[in-house]
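Visitor: I have a structure here, written as structure tokens, and I will follow up with some questions on it.
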Amino acid sequence: MTSSAHAADDGTVAGIDAAPVTAWLAERVELSPPLSFELITGGHSNLTYWVADSEGRRWVLRRPPLAHLLASAHDMVREHRILAALEPTPVPTPPVVGLCTDADVNGADFYVTGFVDGTVLRSVADAELLTPEARGELSRQLVEVQATIHDTDLETTGLDTLGRPNDYVARQIHVWRRQFNAMTSRDLPIIERVHDMLVASIPPQTEATLVHGDYRLDNCLSRHDGELAAVLDWEISTLGDPLADFGFSLGYWVEPGDGFNPLGHDATTAEGFWTREQLANEYAALTGRDVSAMQWFFAFASWRLACILEGVHARYVGGAIPDIPPEVHEFPDGIVALAERAESVLADL
């Protein structure tokens, strides 16, 4: 996993008040001070840090961005609740250590999990750590784990009250259009055009399940044999339409010849990774769900990702996340390309 310490000359790390965080963690786990903190790069929303003690024990700490927050986002309490609920289920997640809601400790809510050994795959170079056969196995496991997420027993886990189960897509369209308008400083009529096309053609929702909301290769930890070790970044998980959630995953999946790369991540173009069609066929086979409307959900996912990335770009420009990855400079053009892809797919349906 690529990372950078981002430490100031005095050894401090942005977003971490080392002494009180150390004291808080020492009440929950065995550790040997001092702790070191390392900001993990690659995320575009909440901040995630590796934490290590002097004997090499490791944990992971997650907190909101430093500034430029949207009121409905970055809820550490909610994300901690989801991880704790999923810990006894077959869904692979990091083990929960604890949640802190005392702002005196670190200025904002945060939670800590155990460290899970694995790699985040973003580039072809990352993907080449795996053989083509392992990439195929990882493709299969990605679908299998997402199907397992959608099969989570909501009552047993206590997640049946996580969100409103009905009209998921309509509410998502409303939320992301509002978020786009709250964050953008540009005039992009295509966002409104696609919004209207989507609203006029929403497929009926037939069930509600747990949905991750941001399920993609680089929100998972993978091992070199193709095993999916853990699913990360549950901040927008809720109850909703599993077909929409699977469509979101397809919206992130880049194939050779796509022509553009919304996140700047090209790992899935490496030999051995499945195509979007193969992923959809496997999901249908595993779940028995009808994926005949998946092109609509793919268009919706593309438009939604355009809205999300406009907000991500605004947060980086506003200083909410310390370092700006190179791909962020490509977001403005990519956002337009995503909206154009959504419009083209919808026009062909």
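The values are calculated or read from the model by the stated rules, or taken from the named source; none is laboratory data. In this text, all values refer to a predicted model and were calculated from it rather than measured experimentally. Please note: Cβ atoms are built from the backbone with ideal geometry, for glycine as well, and neighbour counts cover all protein chains shown.
Visitor: Give the stretch 252-276 a look and list any residue that's out of contact with any Pro (no Cβ under 8 Å at 6 or more places or on another chain) and part of a helix (DSSP H, G or I), or say none.
Guide: Hits for the stretch 252-276 are ALA267, THR268, ARG276.
Let's see how each residue does on (1) of a type outside the set (Lys, Arg); (2) closer than 30 Å to GLU207 by Cα; (3) assigned to a loop (DSSP other than H, G, I, E, B); (4) in contact (Cβ under 8 Å) with a residue 60 or more places away in the chain:
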position	(1), (2), (3), (4)
LEU66	yes, no, yes, yes
ALA85	yes, yes, no, yes
THR89	yes, yes, yes, yes
ASP126	yes, no, no, yes
LEU130	yes, no, yes, yes
SER139	yes, yes, no, yes
VAL143	yes, yes, no, yes
ALA147	yes, yes, no, yes
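Visitor: Can you tell me how many residues in the stretch 1-32 are touching a Ser or Thr at 6+ places or on another chain (Cβ under 6 Å) and at pLDDT 95 or above?
Guide: So the count comes out to 1.
Visitor: Tell me, which residue of the stretch 277-291 that is assigned to a loop (DSSP other than H, G, I, E, B) and charged (D, E, K, R) is surrounded by the fewest Cβ atoms within 10 Å (Cβ to Cβ)?
Guide: First pass over the stretch 277-291, keeping only residues assigned to a loop (DSSP other than H, G, I, E, B): 288-291.
The next check asks that each one be charged (D, E, K, R); those that pass are 289-290.
Details: ARG289: 17, ASP290: 11.
Filtering first and then ranking leaves ASP290.
Yes or no, residue by residue, for (1) farther than 18 Å from HIS212 by Cβ; (2) among the charged types (D, E, K, R):
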position	(1), (2)
LEU129	yes, no
LEU138	no, no
LEU142	no, no
ILE149	no, no
ASP153	no, yes
ASN166	yes, no
TRP176	no, no
PHE180	yes, no
SER185	yes, no
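Visitor: Filter the stretch 178-231 for residues that are of a type in the set (Ser, Thr, Tyr) and farther than 22 Å from VAL124 by Cβ; which is surrounded by the fewest Cβ atoms within 10 Å (Cβ to Cβ)?
Guide: This residue is SER185.
Visitor: Here's something else I'd like to know. Is one or more of the residues making up the stretch 260-271 assigned by TED's automatic domain parsing to the domain that holds ALA134 and farther than 22 Å from GLU330 by Cβ?
Guide: Within the stretch 260-271, one or more residues are assigned by TED's automatic domain parsing to the domain that holds ALA134 and farther than 22 Å from GLU330 by Cβ.
Visitor: Identify, by number, the condition in (1) buried (at least 20 other Cβ atoms within 10 Å of the Cβ); (2) among the acidic types (Asp, Glu); (3) free of Cβ contacts under 8 Å to residues at least 40 places away in the same chain that ASP245 doesn't meet.
Guide: So the condition that ASP245 fails would be (3).
Visitor: Just for the stretch 257-269: of the residues that are of a type outside the set (Asp, Glu) and surrounded by fewer than 19 Cβ atoms within 10 Å (Cβ to Cβ), which one is nearest to GLY226 (Cα to Cα)?
Guide: The qualifying residue nearest to GLY226 (Cα to Cα) is THR269.
Visitor: When residues of the stretch 10-41 are filtered for being assigned to a loop (DSSP other than H, G, I, E, B) and either surrounded by 15 or more Cβ atoms within 10 Å (Cβ to Cβ) or touching a residue at least 60 places away in the same chain (Cβ under 8 Å) (or both), how many remain? Don't jump to the end; show me each part of the working.
Guide: Kept after step one, since they are assigned to a loop (DSSP other than H, G, I, E, B), are these residues of the stretch 10-41: 10-12, 14-17, 27-35, 40-41.
Those left that are additionally either surrounded by 15 or more Cβ atoms within 10 Å (Cβ to Cβ) or touching a residue at least 60 places away in the same chain (Cβ under 8 Å) (or both): 14-17, 28-29, 31, 35, 40-41.
Selection size over the stretch 10-41: 10.
Visitor: Given the structure, is THR48 β-branched (Val, Ile, Thr), at pLDDT 95 or above and either outside the structural domain of ASP153 (by TED's automatic domain parsing) or crowded, with 19+ Cβ neighbours inside 10 Å (or both)?
Guide: no
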